[in-house]
Amino acid sequence: MAGEEVMQPGYREDFGNEGNLQPHWRKFFDFLYAGGPELPQRLEEDARRLLRESGATYNVRMGQVSRRHIWPLDPLPLIVAADAWERLAAGLIQRHRLLTLLLQDIYGPRTCIHEGVVPAEVIYSWSGYLLAAHGQVPGSTPPLPFYAADIGRDPSGHFLVLSDRTQAPSGHGYVLQNRRVMGRLYASTGQLTHIPPLLSFFRTMRSDLVSLTPFSKQEAHVVLLTPGATYETHYEHTLLAHFLGLTLAQGDDLAVRNGRLWLKTLNGLMPVEVVLRRVDEAWCDPLELRDDSLLGVVGLAQVARSGRLAMANALGSGVLENMALHAYLPHLAQHFLGTPLLLENPRTLWLGDPAQRAEALERWDELTILPLACNPAFPITGCATDTPIDRDKVLAAPQRFVARAPFIPSRAPCIRSGALCHAPVLLRAYLTSDGQHARVMPGGLARVAAPTTGPLAFSPNHGGVAKDVWIVATQPVLVDDTLISTPTLDPAPLVGVPSRVAENLFWIGRYAERAEGTIRLFREFMALDTEENSLSRHQRTLCRRLLLITLTHVTATYPGFTGKEGAYALDDPFAELASVLLNSERAGTLAFSLRAMSQAAFSVRDRLSTDTWEVLDGIVEALDALRGRLPHNLGGMFWETGPLLRGLTAFGGLTWENMNRDLGWRFLDLGRRLERSMFLAQILETTLAEPVEEGDEAAILERLLTINDSLTTFRMQFRTAMELPLVLEKLLQDDTDPRSMVFQLTLMESHAAAIPRGSEQNLYRTHLGRVVFETLSAVRLADPERLAAITPFSNRREQLIGLTGRLRKLLPLFSESASNSYFRHADPPHHLFRASRSPR
Amino acid sequence: MIDYRIIHTTRYRYGEPVTIGHNRVHLRPLDLPWQRCRRFELDVRPRPATLNTFTDFFGNGVDYFEILESHRELVIKSSSFVTRLPPILPNPDATPAWESGRQGQSGEGGDVRRQSIFALESPMVARSPELADFARPDFPPERPLVAAALALTQRIHREFRYQPGSTTVATHIDQVLEQRCGVCQDFAHLAIGALRSLGLCARYISGYLETDPPPGMARLEGADASHAWFAVLVPGVGWVDFDPTNGIIPAQRHITVAVGRDYTDVPPVKGVVLGGREHVLSVAVDVLRLPTPETP
C-alpha cells in the first residue's frame, strides 16, 4: 500500500483514525499477507472468472441498444464489526418505522403538512408523490415492507444515511450473487466462519412478502413485476425471482379483470395477490399514472386501492426518496416518534425555505448543492453524480435544490489491476418487515468509487465496483437457528406458463434450429472443396450451386443466390456468404437469428438452467469473435463456425436433457421441430425438383444425407447405391431417424395434443390439430417411388414438388395457429381521453 | 333554490371491436354548501363487469369500471338530480386583502395551509413571472381578494376571445396567453396560473351550465358541453367561484361536478381500451331546470 494514501481524507475502514489495525479486520489481513504478492491478482482473476461463469450481468443502455456487461465485483469484502452493525441496524429499524408512519400520514390525515412540520411543497411537488395513491383501504397492509438506505461513514467513523430507497429498493439479487462468488473464492480459507449467512434474511423477506396478501396466507400467489430484459438490472430480477421462488412477470403478462390481478398463462388466467414491484411506480398503470407507459398494467392502481392486491412497496412510497425531506427528518422524528434520530443524514438545507436558503447562501462554498431530480449516493446503475451547479440557476428555482454538508466517505482496501489499494466506499443496507417485526440483512451491497479524479462515481456505468459486506462476529456463526425456530410463509406455486414466455421459448427453438441449419449448409458447401471426395468438377459445381440456392431459401435472404441477381453471386459467393452469415442487420442471416435467439433467451432467463445460460453466452461470444475479426476467406469462416455449431448442439442437448417437460419446453421443442421440417421440405424441393444425370444425382443425395446427419445410418441400412426412393423414404418417413420429417411431425402432434385447448376436448377439431394431422398424413401416405418419378411433359418431379409445396404451405400455418391461439398479444392499449373533446 | 336534472351522455364509436376497456369517470356531482346531489345514476353500455366508486384526494366521487365484452360502441350516460342554492357570497370589497391568502406567509392561516396543494404547480398549470405580471394590474397592494379576483375574471372575459376548436385538452397556458383565445378550460387554467404565481390557492372546477336560459336571461357560453371555471381560497371565507368564460361570479346556473388542481385531475371520462383502433367521440349535455313546486 502506497504511503501517501494514508494521508488522504476520510475514515479508514481497516485502520481507523488512529492507524491501528481494527480487530475485526485482523483475521482477513492475516490471510491477505500470508498469501504472497500474487494473491491480489489471483483473487481478482478468479472473481472475474466466477462472475463470467455465472453470467452475472447488468445492462448499459446506449440510445436504443442496451449491452450486457459482466457485473464488477471487488474480491475484498467490506468488513464491519458486529457491534457497530448492531447500532446501524437499530438506527435503520427506527428510520424505517419513522418513514412508514410518515408515508401513512402523507396519504392519510396529512398532519405533518397541516401542522406545519413539513412544507406542503416538499411533499406535493415531488415527482414521487402520487395522487393516485390516495384512497387506499387505510391500514390494511404495511406500505413499506422493504427498505434500503445508502450509507457512508463520515471522517469520525459515524454512519450517515445519504439516501433512502423506498419506492422499489433494489440490489438484493446482486448481494446474493456477490456472496455466492465470495463463498467460492474464500471457501477453503476459513474466513467465512464468523460471517452470518444471508439465507435466513431472504426467507424472512419471502415470508413478509407472502404475509402481505389480502386473502389466505396459504394461497398467496406472488409475482415479481419486471420492466423486461432490456432493463439495466434485469439479471438481478431473474436471480431474485429464482431465489425467492416467484414468477417473473412483465406488464403484458398481467391483466386486471373483474377487479383482480391475473397472470395470463397458457392454461388461462391465474390470480395474483402480491406483486414484488420492480417497475418504477410512475410506470405501473397507464390509466392512472404515466399514460405513455407500456411497462404497467391497466387498472393496477385501482386493484391496489380496492385492497384486492398488495404491492411491495405500495404505490406512492417514492415520496419518501425526496432529499428535501432530510432537512425535516429530525423534526419528523419528534413529531411521530417523540425521539431523536439514531441514524442521521449529513446536515441538509432545503433551498425552497427562505431561512434555510439564507443560511446556504452564507456558507455557499463549503456546501454541496444537489438537484432534487437526481437521487445520488449510488443507484445500482446509472444516474450522474454530483456536478458543480450554477448559483443563478439554483436561485431561479431554489425549491428544486438542497444544500448538504460535504460528505467524505470512508476508504476501504480493495484490489485494482492486481494491486491492493484504498478507495472510497459506500454501502447499501436492507431491511424487511411484515409491519410488526423489522429485520435487517446481516450484510449488504457495498460500492467502491471509480478511480477518477473528478467527483466520486459509484455506479458501474462510471466504473464503480461492487463489494460484499461481511459482519464479523466475535464468535463463529454455527447454525442459523432462526431458520428452524421461526415458521415462514411460502408463496403458492403459480402453475402455468405465461403466454409471453411460451412465445419466447417457441422462437428460441425456431431461431436455434434455423441457425444450426444455416451452419450445416455452409459447412457442407465448404467441405465440397476442402475434403477429399470422388466428385467430378462438374458435380462439385452443381452441388455447390444447389446448396447456395437452398441457403437463400431457408434463410429467406432474397435475392441472394436465386434469380438473375443471384447468378453473379453464385460465381463469386464470398461477399454474399459473408453477409448471409455475419450481417446482423439483415433479416434472416445467421447473425440475425443468433441475436434474436439470444434476446428471446434473455427475456426468459429465469426459465433456463445456469448451464444453459453458459452455453448461450458462449454462442454469443463466438459470434462476436467471428464478427470482430471478419475472416478474409471462406476457409477461415469454416473454422470459425465450428464453435458456433458445437454451442448450438450443446444447447439442443441441454434443452432436451435438462429442461422440465412443462408446456414451456413443449413450445421450445415445437419451434425447433417446425423449423427443422421446413428446412427439410425446402432442401428437398430445391435439390431434387429438377432431375439430373444419375451420377450427379448420387452426388446430390450424398450431400443431402450428410447435411441431415443420416449418411452413415443410410449406408448401414441400405448397402446399395444411392437410389432416390430409398433416400426419400429415409429422409421423409423413417420413424427411427430423429432428423426425418415424420419424426418431427409426430413430436409436433404430441406437443399439440398436450397444449391446453380450452373447452375443446378433441385435438383434431382445433386448427393446430388439423394442420398437424393433415401434414403428417400427407407425408406418411406419400409413395417414395411415385415421389421420385419424373413427370414426362414438364420433366420435373411434380409429385415431389406437390408434397413439398403442400408442406411449405401447411407448416407456416402451424406457426400462425400457435401464435393466434396462445401468443396473441392484444394491440397496445389505446387511450380514450387523449382525443376527447375539451370542456367548454 | 333551483332543482336541475342533468343528463350527460358520452359516446365512443370504434373502428374495430374493443375487447376490454378500463375507465374512470368524474361524473358524480359533488355535495357543497350551496349544492346537493339528490340522485345520481350511471348507465354504461355494454354493461360493465365491475363498477366501483371511490373518493379521490380532492373529495370527488370517482366511478371506475371494466368492460370485458367485445363492443364497437361505448355509451356512458350519467343522470343527476341536483339542488342548487345561491352561493354565500361575501361583499367583494369587504374581503381580506389578497396578500393574506398567499401561501407560505409567516402568518399563514390553517385553512390556507390545509389547501396549499392548490398554490403549487400542477401538470397543466405552471407558475411563472409572466403569469404573475399578467395578474398584477388587478392585484394592487391591499386590494380585497374577491374584488381583485373578480377584476381578473372580467378582464379575461373582456380581452380573450371564446373560440371552440382553437385549443385542445393539452393546450398550454403560454399559448393561450399568446393567442388570446381559447375555451373555458384554457381560461380557467390561465386564471389559476396567474393566481398561483402570486402565491394564492386556486382550484379548477369541472361542471355544467344550465342549457337553456330562463325567459329574459342570456344564454351562457359553454352550455352545450361540460363547462369549467375556477375558485380562489379566501381566508376566513372559503372557496369562492369565478367564471372567466362568462366574466361572472357563478350564481345558481352553475353546477359543480368535481374539483382539482387542473383538468388532468378531473377529466369527465378517461379510459384505456384494447383494440378499437380509431374512435369517434360525441358528447351531449342537457341541463334542465325542473319546475319549482308552487309556493303557497
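Among the residues of the stretch B:163-185, those that are in contact with a helix residue (DSSP H, G or I) (Cβ under 8 Å, 6 or more places away or on another chain) and touching a residue at least 24 places away in the same chain (Cβ under 8 Å) comprise B:169, B:173, B:174, B:177, B:185. For the stretch A:124-156, taking the residues that are closer than 20 Å to residue A:93 by Cα and outside any strand (DSSP E or B), the one that is modelled with the lowest pLDDT is identified as A:139.
Screening residue B:197 against (1) within 14 Å of chain A (Cβ to nearest Cβ); (2) small (Gly, Ala, Ser); (3) surrounded by fewer than 24 Cβ atoms within 10 Å (Cβ to Cβ); (4) farther than 27 Å from residue B:140 by Cα leaves a single unmet condition, (4). Every test in (1) surrounded by 24 or more Cβ atoms within 10 Å (Cβ to Cβ); (2) away from chain A (no Cβ under 14 Å); (3) assigned to a loop (DSSP other than H, G, I, E, B) is passed by residue B:245 save one, and that test is (2). Within the stretch B:219-261, the set of residues being within 17 Å of residue B:154 (Cα to Cα) and of a type in the set (Gly, Ala, Ser) comprises B:222, B:228, B:231, B:247, B:251. Taking the conditions (1) at pLDDT below 90; (2) among the hydrophobic types (A, V, I, L, M, F, W, C); (3) under 31 Å from the mean Cα position of the chain (by Cα); (4) not in a strand (DSSP E or B) in turn, residue A:43 satisfies each one other than (1). Looking only at the stretch A:244-266, filter to residues that are among the aliphatic types (A, V, I, L, M) and within 14 Å of another protein chain (Cβ to nearest Cβ); which one of those is surrounded by the most Cβ atoms within 10 Å (Cβ to Cβ)? Across the stretch A:244-266, the extreme among qualifying residues is A:261. The residue pairs whose first member lies in the stretch B:265-288 and is more than 9 Å from chain A (Cβ to nearest Cβ) and farther than 15 Å from residue B:18 by Cβ, whose second member is surrounded by fewer than 21 Cβ atoms within 10 Å (Cβ to Cβ) and aromatic (Phe, Trp, Tyr), and whose beta carbons are closer than 8 Å, counting only pairs six or more residues apart or on different chains, are B:266/B:58.
The residue that is farthest from residue B:282 (Cα to Cα), among those in the stretch B:216-232 that are surrounded by 24 or more Cβ atoms within 10 Å (Cβ to Cβ) and within 13 Å of chain A (Cβ to nearest Cβ), is B:230. Among the residues of the stretch A:166-187, not one is out of contact with any Leu (no Cβ under 9 Å at 6 or more places or on another chain) and of a type outside the set (Gly, Ala, Ser). Pairs linking a residue in the stretch A:86-115 that is within 14 Å of chain B (Cβ to nearest Cβ) to a residue that is outside any helix (DSSP H, G or I), with Cβ atoms under 7 Å and 6 or more positions apart or on different chains, are A:107/A:134; A:107/A:136; A:107/A:316; A:108/A:138; A:112/A:118.
Please find, within the stretch B:7-40, the residue that is surrounded by the fewest Cβ atoms within 10 Å (Cβ to Cβ) out of those that are among the hydrophobic types (A, V, I, L, M, F, W, C) and either touching a residue at least 60 places away in the same chain (Cβ under 8 Å) or not assigned by TED's automatic domain parsing to the domain that holds residue B:64 (or both).
Keep residues of the stretch B:7-40 that are among the hydrophobic types (A, V, I, L, M, F, W, C), which gives B:7, B:18, B:20, B:25, B:27, B:30, B:32, B:34, B:37, B:40.
Going one step further and asking which of them are either touching a residue at least 60 places away in the same chain (Cβ under 8 Å) or not assigned by TED's automatic domain parsing to the domain that holds residue B:64 (or both), we end up with B:7, B:18, B:20, B:25, B:27, B:30, B:32.
Numbers: B:7: 16, B:18: 26, B:20: 23, B:25: 23, B:27: 24, B:30: 21, B:32: 18.
Among residues in the stretch B:7-40 that are among the hydrophobic types (A, V, I, L, M, F, W, C) and either touching a residue at least 60 places away in the same chain (Cβ under 8 Å) or not assigned by TED's automatic domain parsing to the domain that holds residue B:64 (or both), the one surrounded by the fewest Cβ atoms within 10 Å (Cβ to Cβ) is B:7.
Against the condition assigned to a strand (DSSP E or B), within 14 Å of another protein chain (Cβ to nearest Cβ) and closer than 28 Å to residue A:115 by Cβ, how does residue B:65 come out, does it pass? I'd like the intermediate steps shown before the answer.
Working: assigned to a strand (DSSP E or B): yes; within 14 Å of another protein chain (Cβ to nearest Cβ): yes; closer than 28 Å to residue A:115 by Cβ: no.
Considered against the rule, which asks whether it is assigned to a strand (DSSP E or B), within 14 Å of another protein chain (Cβ to nearest Cβ) and closer than 28 Å to residue A:115 by Cβ, residue B:65 comes out as no.
This table checks each residue for (1) assigned to a loop (DSSP other than H, G, I, E, B); (2) out of contact with any Gly (no Cβ under 8 Å at 6 or more places or on another chain); (3) not hydrophobic (A, V, I, L, M, F, W, C).
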{"site": "A:726", "(1), (2), (3)": "no, yes, no"}
{"site": "A:738", "(1), (2), (3)": "yes, yes, yes"}
{"site": "A:747", "(1), (2), (3)": "no, yes, no"}
{"site": "A:759", "(1), (2), (3)": "yes, yes, yes"}
{"site": "A:775", "(1), (2), (3)": "no, yes, yes"}
{"site": "A:799", "(1), (2), (3)": "no, yes, yes"}
{"site": "A:811", "(1), (2), (3)": "no, yes, no"}
{"site": "A:814", "(1), (2), (3)": "no, yes, no"}
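(1) in contact (Cβ under 8 Å) with a residue 40 or more places away in the chain; (2) within 19 Å of residue A:191 (Cβ to Cβ); (3) outside any helix (DSSP H, G or I): which one isn't true of residue A:58, the others all being true? The one condition residue A:58 does not meet is (2).
Exactly one residue out of B:89, B:74 is out of contact with any Asp or Glu (no Cβ under 9 Å at 6 or more places or on another chain), within 11 Å of another protein chain (Cβ to nearest Cβ) and touching a residue at least 24 places away in the same chain (Cβ under 8 Å): that is B:74.
Answer yes if at least one residue in the stretch A:591-611 is touching a residue at least 12 places away in the same chain (Cβ under 8 Å), closer than 26 Å to residue A:738 by Cβ, surrounded by 17 or more Cβ atoms within 10 Å (Cβ to Cβ) and out of contact with any helix residue (DSSP H, G or I) (no Cβ under 6 Å at 6 or more places or on another chain), and no otherwise. Within the stretch A:591-611, one or more residues are touching a residue at least 12 places away in the same chain (Cβ under 8 Å), closer than 26 Å to residue A:738 by Cβ, surrounded by 17 or more Cβ atoms within 10 Å (Cβ to Cβ) and out of contact with any helix residue (DSSP H, G or I) (no Cβ under 6 Å at 6 or more places or on another chain). Residues in the stretch B:141-159 that are surrounded by fewer than 22 Cβ atoms within 10 Å (Cβ to Cβ), in contact with an Asp or Glu (Cβ under 8 Å, 6 or more places away or on another chain) and either of a type in the set (Asp, Glu) or within 16 Å of residue B:221 (Cβ to Cβ) (or both): B:142 only. If only residues of the stretch B:115-150 that are within 30 Å of residue A:111 (Cβ to Cβ) and among the hydroxyl-bearing types (Ser, Thr, Tyr) are counted, the one that is farthest from the other protein chains (Cβ to nearest Cβ) is B:122.
Restricting to the stretch B:177-200, name every residue that is part of a helix (DSSP H, G or I), of a type outside the set (Asp, Glu) and farther than 12 Å from residue B:125 by Cα.
Residues of the stretch B:177-200 that are part of a helix (DSSP H, G or I), as a first pass: B:177-179, B:184-197.
Among the residues that remain, those that are also of a type outside the set (Asp, Glu) are: B:177, B:179, B:184-185, B:187-197.
Within the stretch B:177-200, B:177, B:179, B:184 meet the criteria.
All conditions in (1) of a type in the set (Gly, Ala, Ser); (2) free of Cβ contacts under 8 Å to residues at least 60 places away in the same chain; (3) at positive phi; (4) in contact with a helix residue (DSSP H, G or I) (Cβ under 6 Å, 6 or more places away or on another chain) hold for residue A:135, with the sole exception of (2).
Picking from residues in the stretch A:306-316 that are surrounded by 22 or more Cβ atoms within 10 Å (Cβ to Cβ) and farther than 17 Å from residue A:128 by Cα, the one that is farthest from the other protein chains (Cβ to nearest Cβ) is A:310. Across the stretch A:161-174, a minimum of one residue is classified as touching a Lys or Arg at 6+ places or on another chain (Cβ under 9 Å) and under 30 Å from residue A:32 (Cα atoms).
Residues in the stretch A:333-371 that are over 24 Å from residue A:110 (Cα atoms), of a type in the set (Asp, Glu) and either part of a loop (DSSP other than H, G, I, E, B) or touching a helix residue (DSSP H, G or I) at 6+ places or on another chain (Cβ under 6 Å) (or both): 0 in all.
The values are calculated or read from the model by the stated rules, or taken from the named source; none is laboratory data. All values derive from a computational prediction rather than experimental measurement. In this analysis, Cβ positions are derived from the backbone assuming ideal geometry, glycine residues included, and neighbour counts consider all displayed protein chains.
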